[in-house]
Each structure stands twice: as structure tokens, then as C-alpha cells.
Amino acid sequence: MSGSGGNPGGRGSGQGNSGQGRGKGGPRDNSRRNAQGRERNRGPQRSFTDSAPSQRTRRADPARLVAFEVLRAVAAEDAYANLVLPARIRHHGLDKRDAGFATELTYGALRGQGTYDAILARCVDRPLDQLDPAILDALRIGAHQLLAMRVPAHAALDQTVGLARAVIGAGPSALINAVLRKVAAHTLEEWLDELVAGETDATKIAALRYAHPEWIVRAMRQSLVAHGRSADEINNLLEADNAAPVVNLVALPGLGNLDEALEHGATPGRLVEGSALSSGGDLGRFSSVREGTTRVQDVGSQLVARAMAAVDLGGPQGGTGAGQAEAWLDLCAGPGGKAALLGALAKQQGATLLANEPAPHRAKLVSQALSAVPAETWQVRTGDGRDLGSERPGSFDRVLVDVPCSGLGALRRRPESRWRRSPKDLADLGPLQRELLASALAAVRPGGVVAYVTCSPHPAETTAVVADALRKRDDLELLDAGAALDAVSLPGKLEAGHESTAQLWPHIHGTDAMFLALIHKKA
């Protein structure tokens, strides 16, 4: 767990003490006089933080309140932090500085939940599951400030207890004050040393030190080996999962540009053309973002979409028939990020795109994402992708099937997902992934290509699914996915290598852990 971000000035410190220490000549302070008008014993000045919890801040600092509200929504409503957080920031009207603080506090508390809970369990006199969930969320927020942000301890304590008094109650705030004092007695490294003292299981140690469930540590180690990397990289991979992700932008080819973003602090992407790394803030202030011609999209997603679009299928551009434009299919298009990029690429290449999404509300998001692309280029279908292979066999030149998966490759962007997922998800998703790939292989024409994509490196969702499909048919062959990724990246930057399948990694490429297999149906 890294202590990045935060606020060197102790954001919010000093609130609750307004009115103290007036200058000479100001109104006389009568608060020290008793009922008879006699002045109370002044004695040594007491610190509100150390000695008078009842006189702490009684209001909820807006940035911390945003973090608390997001954690509550995640815990109580199974909400997604990346969807709830922007709405709460807008609701409370946070400026850029406070929004950055709220973002780091929210994501940091969610990422570190397992480790913080292990620490809190040492400081609470009852099992954590017996605490009111709101109290536990407040404790996690306080723990992250104390242990992993540059917030002075007195400010973290004062503001977290003030938050609790305002939104939970005075009684719970006393408990939170007592527990967080115990947390503040040690640094994060000291707590980690205490938690792993005497432990010999490397998986358990890594799970505590890097705030991942043990099963994910084992799964990631297995994934590294399955894709030809060393198991010794596991700590680097887990640490990369905990790093705050930089916002990736993509300008839709032929439609968008990054000029405004670059003028306001964004830097050109180092892996693929037409991309940029944003400095943060409200991206809606850029006209191209409002118009949808510039979008937020991880560079790994950009690369796999571009790789599929660039595969040389041989012969004329005619595709499905002499003189006809190529037909492309995005089989699992929601919420529409890759579909928008594919639509722009299809427009450039004179192709058309069918974007399929089974959920009606997500199909609407796909239509919105594609709205920046000329309407004659694309169409959205609402329906089960598993039916398309039988309904429209051999109809498409290029098919992207970005299957529903565990999302283990995007843990840095979805901080709560590591605590929600379980090994059962891998087993449950396997049949669906195989059925969708089978449908894609039926829908592609002889001579066409299917891009099988997951945002997970786990072999159960990647190489095993592809191997099963290849075993069942003799008209399929794997193309060099590593070379295809290299071909669409900036020269000498990606170096994915020449492999039958390709796996991107956060700790190597700085992308989500996207998997790509390019399956060619023989003519």
C-alpha cells in the first residue's frame, strides 16, 4: 500500500477552533468567567485534539463527507465508486483541490480496506462485523488519512470525528476517536510488521502488505506464470494495482483532437497515437469531451481495438463481397468505449459497425458513445450476443468479443471490486465466455478475424477459453497478437513481442491487464 496523494498542509486542519486567539484590542473573551463573573483558572492551554474530544469540530468537512457517502453507497447499495464519486463531488460543489483530496481518500480507503480492517481489528474491543457499517466506513476513512496520506494526525482525528458527529452521532464519534487514537500510535509500516510477525506464508504476507484478498494474490501469481512471466513479479503487480491510475484520453480518429487537453496540462500518451494522460480536473470543460469526440479510455482498451481493426485480412478491402464495405461487430459493446473507437476507425476504413448489447440501459449508453460518429457508420442492436452467430452466420469481417469477466485486470480503476469478487466468479463466467466466443466465431466470415478480449489475466478466462475453442474446430488459427499490438503502438514503446496471444500488465505497460487473442477463420 502506497501513501501517495494527500495534502501536505493538513487539509481541513484548524476547523472547529475559529474565534480563538483574537488579536489585541479585540472583544474581551468572557468565556472563562463563571456565573459569578469570576475568571476561571487559566492554567495551561489544553489541546482540543488531545484533551477535549467533546469540543472537536461538529461539522462534516465536504471532501471527507463525499468520501464517506461513496463508501456508504458501495457497502450498502453495491454501487461502483467510479460512478458515484463524480456525482457526489458535483453535488457538494468541490473545487479541484478538494475533489482531488476526496478522490484519493475514497479510492485509498476502498483499496486498502482489507489491510485497514486487519489494523482496526487490533484496536476495537469487538469483532468488526458487530460494528455499525457506517462507523466502520468512518474508521476506514480515518485510518487511510492517518496511515497513507500526508494529513497531520490532529487534522485527521479532528475532521474524522467531526464527520462522525455530524452524520452518525455523538456516541459513535467517541468510539471513533478512541479507535483512531490507537491507529495513530504506529506508522503503516509498523502496523504491517506487527500484522505479519511470525507469518511464513508468502501469500498471506503479500495479501496484508498490498491489500489484496489471498485468492487474488494466488490468482495473479498463477496468471504471471501462465503468460510467461516470473512469479517473482507478484509484488510489483500488486503494488501497481494500488497506484492511483492516471486518466487516459483518446481522440476518436478523424473526429476528435487533444489540443484543449494538452493546453491544460495533459501529456501525450507514450504508447499509442491519439492518446493523452490527463492532469485531472473536470474534463467536461473541454469541448471535444462534451461532444464525445475525445473520450476517457484506458490505453490497453485502445490498443486491443486498434489491433483488431488493423489486422490484414488479405485481398481487397471489399470484405464480405466484391465491392462491399467491410462489416464489423462489437458483440459485447456496453457501455460503449471500445465501440466508439471502433466506429471512428470503421468510418476511416469505409466499414460499418454493429454494436450489440443485451441490457437496454447499457445499449442506450452505447448509442450515446457512438453519437459522435456519423450515423451511417453504425447501428446498435439490443439482444443476447449468443444468438448472433446463428442469426447472422458468416456475416462479419471483424468481430470484437470483449467478454464479461472477473475484472482482475482493472483493480486499480475499480478499487472496491477486489473485495467483491470471489473464485466462484471465475467458474460462473466460464460458460458464458465460451458461448460468446462460439457465437463470434460463427458470426465471422471465412477469412475474417475474431478478437477475443478480457480485462483479466487469469488463464481460466483467457488462454483456457481460447484453447477450448480451437480444439472444437479445425478451421481456426491464432494470429500473432503480440505483433499486432506492436504494430498499432508507437514505435519501440510497447514491445509486446511475438506471441500467439498477448497479455498487457499494469506494472510493465502501465495499462489495465488486457488480454488479446486474434483468431483467424480460415478461408
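The values are calculated or read from the model by the stated rules, or taken from the named source; none is laboratory data. Computed from a prediction, not measured in an experiment: that's the story for all the values here. Positions of Cβ are generated from backbone atoms using ideal geometry, with glycine treated the same way; all protein chains shown enter the neighbour counts.
From the list Ala443, Ala460, the lone residue that is among the small types (Gly, Ala, Ser), surrounded by 17 or more Cβ atoms within 10 Å (Cβ to Cβ) and in contact with a strand residue (DSSP E or B) (Cβ under 9 Å, 6 or more places away or on another chain) is Ala443.
Checked against (1) farther than 19 Å from Phe101 by Cβ; (2) assigned by TED's automatic domain parsing to the domain that holds Val66, Ala197 meets all criteria but (2). Considering Arg386, Arg398, Arg381, the condition of being charged (D, E, K, R) and out of contact with any strand residue (DSSP E or B) (no Cβ under 8 Å at 6 or more places or on another chain) is satisfied by Arg386 alone. Scanning the range 147-171 for residues being buried (at least 18 other Cβ atoms within 10 Å of the Cβ) and within 23 Å of the chain's Cα centre (by Cα) gives a total of 3. Contact map, the range 444-460: first residue under 15 Å from Asp330 (Cα atoms), second residue at pLDDT 95 or above and among the hydroxyl-bearing types (Ser, Thr, Tyr), Cβ cut-off under 8 Å, separation 6 or more or different chains; pairs are Arg445/Ser395; Thr454/Thr462.
Considering every residue within the range 423-433, establish whether at least one is in a strand (DSSP E or B), in the same structural domain as Leu303 (by TED's automatic domain parsing) and of a type in the set (A, V, I, L, M). No, the range 423-433 has no match at all.
Taking Arg126 as the residue in question, decide whether it is free of Cβ contacts under 8 Å to residues at least 12 places away in the same chain and outside the structural domain of Glu416 (by TED's automatic domain parsing). Judged against the criteria, Arg126 is a match. When the range 213-233 is filtered for residues that are free of Cβ contacts under 8 Å to residues at least 40 places away in the same chain and under 19 Å from the mean Cα position of the chain (by Cα), only Val217 remains.
All of (1) over 30 Å from Ala346 (Cα atoms); (2) more than 23 Å from the chain's Cα centre (by Cα); (3) touching a residue at least 12 places away in the same chain (Cβ under 8 Å) hold for Tyr210 with one exception: (2). For Ala174, the criteria (1) in contact (Cβ under 8 Å) with a residue 40 or more places away in the chain; (2) hydrophobic (A, V, I, L, M, F, W, C); (3) surrounded by 17 or more Cβ atoms within 10 Å (Cβ to Cβ) hold in every case but one, which is (3).
A single member of Leu71, Leu157, Leu105, Leu110 is in a helix (DSSP H, G or I) and in contact with a His (Cβ under 8 Å, 6 or more places away or on another chain), and it is Leu105. Of all the residues in the range 367-392, those that are free of Cβ contacts under 8 Å to residues at least 40 places away in the same chain and either assigned to a strand (DSSP E or B) or more than 21 Å from Leu429 (Cβ to Cβ) (or both) number 11.
Taking the listed residues Ala81, Ala99, Ala118, Ala67, the one that is in contact with a helix residue (DSSP H, G or I) (Cβ under 8 Å, 6 or more places away or on another chain) and under 17 Å from Ala164 (Cα atoms) is Ala67, with no other qualifying.
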